[in-house]
Amino acid sequence: MDLGLKGKRALVLGASRGLGRAIAETLAREGVRVIAAARNEPAIAEWAAAMPDCDITPLRIDLADIASIDGTLEAILADGGVDILINNAGGPPPGTALDADHAAWTANFSAMAASLFHITSKLVPAMRERGFGRVITIGSSGVEQPIPNLAMSNGIRAAVLAWSKTLASEVASDGVTVNMVVPGRIHTARVDELDAAAAKRTGKSVEEIAKASAASIPAGRYGRPQEFADMVVFLASERASYVTGSRVRVDGGAIRSL
Ligand code: NAD
């Protein structure tokens, strides 16, 4: 299948590791000119150096520092903007619904939601003018089935999902699609960190936690970042032109609801 991605431009946020990195690498292998952004620019430069035949520009963006973002966006727009925006942010700390205080809610909402809304609103007008655009936001299975002890993630991502769905209707007639992709449990460093936190909390070993977690997934295992990235890249492609306003699961069957 020709995905029609050659020569397109993408901004991938949260691209230093994990899902963002896998998405950025996969887009680049499809011939997309990728701006890969995160706080840790050297980490991006390191993995990008291993892909010398691809067009990858590492960029420092701190989603928690909105003042640092606008100048970067202006430079991207002055250079023609992007066709594809991957909205991916770091996850918040674990905790119960009563754990977090006002400052923690505000800081995490700003980095995980408001900054993504802001970046999208700056980059989408140029997509509409060109009659092509893809906005793909990385969510969490918590938007469908709240995950215990991840109250902040569940709450903030529900807001991001509602925003994504609202935007989809607003720009659909201009050739811009807007979708959310929902990971179940994809094996990244963050998942290892969450398993380690659960082990500490429960007194079990990390291996026991990971084994029980994998056993609760119908596929019987965690997903691979590449399996997640492949779905995102399909949604970014020309081939997915009639898919918008959707929430797509990549979860090995983990979410039990219809
Ligand atoms: P990760 O922690 O491995 O990677 C997050 C990326 O975001 C990193 O590149 C990090 O540098 C970047 N980042 C963090 N804070 C940032 C900031 N302030 N500014 C710019 N970049 C920042 O996480 P992951 O496993 O790749 O997951 C990506 C997203 O998907 C996270 O929000 C995570 O909570 C969510 N998620 C992942 C899973 C999973 O199974 N991996 C499941 C549900 C939800």
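The values are calculated or read from the model by the stated rules, or taken from the named source; none is laboratory data. Quantities reported herein were computed from a predicted structural model and do not represent experimental measurements. As a convention, Cβ positions derive from the backbone with ideal geometry for all residues, glycine included, and neighbour counts pool all protein chains shown. Areas reflect the complete protein model, heavy atoms only, side chains present, ligands, DNA and RNA absent. Shrake-Rupley method; radii C 1.70, N 1.55, O 1.52, S 1.80 Å.
Table for the structure above
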| read-out | value |
| --- | --- |
| Segment 18-44 and segment 89-151: distance between their alpha carbon centers, rounded to Å | 19 |
| Signed unit charges on C-beta, dipole axis of segment 156-204, positive-most listed residue Val191, Gly203, Gly175 | Gly203 |
| Point-charge dipole on Cβ atoms (K/R +1, D/E -1) for segment 69-142, about Cα centre, debye to 20 | 260 |
| Cβ-Cβ FRET estimate between Glu227 and Ala67, R0 fixed at 41 Å, reported to 0.05 | 0.65 |
| Listed residue (Leu5, Gly90, Val243) projecting farthest to the positive dipole end of the chain, Cβ model | Val243 |
| DSSP beta bridges in the chain [antiparallel fraction, %, rounded to 5] | 0 |
| Residues Arg60 and Lys200, FRET efficiency given R0 of 22 Å [Cβ-Cβ distance, rounded to 0.05] | 0.10 |
| Computed [θ] at 222 nm, deg cm²/dmol, the chain (DSSP H ≥ 4; -39,500 (n - 2.57); rounded to nearest 500) | -13500 deg cm²/dmol |
| All lysines inside 25 Å of Lys8 as judged from Cα atoms, apart from same-chain residues fewer than 8 positions distant | Lys122, Lys165 |
| Helix 115-130 axis, angle to the chain major axis (alpha carbon atoms, nearest 10°) | 30 |
| Size of electric dipole in segment 167-239: Cβ of Lys, Arg +1 and of Asp, Glu -1, about Cα centre, debye, nearest 20 | 420 |
| Dipole moment magnitude, nearest 20 debye, the chain about Cα centre, only Lys, Arg, Asp, Glu C-beta charged | 560 |
| Label-point separation, Asp101 to Asn149 (7 Å along Cα→Cβ), nm | 2.3 |
| Ser205 - accessible surface, heavy atoms, 1.4 Å probe, Å² rounded to 10 | 40 |
| Inter-site label distance for His118 and Glu193 at 7 Å from Cα along Cβ, in nm | 2.2 |
